[in-house]
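To start, the structure itself, in structure tokens.
Read the figures in this text as sums done on the coordinates, not as results from a lab. Values in this document were obtained by computation on a predicted structure and should not be read as measured data. Here the Cβ positions follow ideal geometry from the backbone for every residue, glycine too, while neighbour counts run over all protein chains shown.
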């Protein structure tokens, strides 16, 4: 049983061809890596934006609740102040 091995290329033209194939392969690999990294960065930015949007929405909701409670708190403190004034005056 004979096994035939491919014959190596000879000459500068063959050498340039091999180097060209190697360079092309490296460039393709680097380009693919850049594309994958770009997709990962876009996904991370999207997740970050969603997180920030939720955080801002929660802060705005909390602010709105506190603004709405302000009148009740002022009224309650006014009642406490009146009761304290009545207690100090002996009424």
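In a fully extended conformation the segment linking residue 64 and residue 2 would gain 13.8 nm over its present Cα-Cα distance, using 0.36 nm per residue.
Got a sec? How would 60, 5 order by Cβ neighbour count within 10 Å, fewest to most? Don't skip to the end; give the middle numbers.
Details: 60 10, 5 5.
Neighbour counts put them in this order, fewest first: 5, 60.
For the chain, the longest principal axis of the C-alpha atoms and the axis of helix 12-89 are separated by about 0°.
If you rank 39, 1 by fewest surrounding Cβ atoms within 10 Å, what's the result? Walk me through the numbers on the way to the answer.
Values: 39 10, 1 2.
Fewest to most other Cβ atoms nearby, the residues stand as 1, 39.
Across 36, 56, 67, mean-square fluctuation computed from a Gaussian network of the chain (C-alpha pairs under 10 Å connected) peaks at 67. Out of 64, 81, 53, any idea which swings most in a Gaussian network model of the chain, alpha carbons joined below 10 Å? Of 64, 81, 53, the Gaussian network model singles out 81 as fluctuating most. If one puts a single equal scatterer on every Cα of the chain and applies the Debye formula without solvent, what log₁₀ I(q)/I(0) results at q = 0.11 Å⁻¹? Log10 I(q)/I(0), no solvent term: -0.73.
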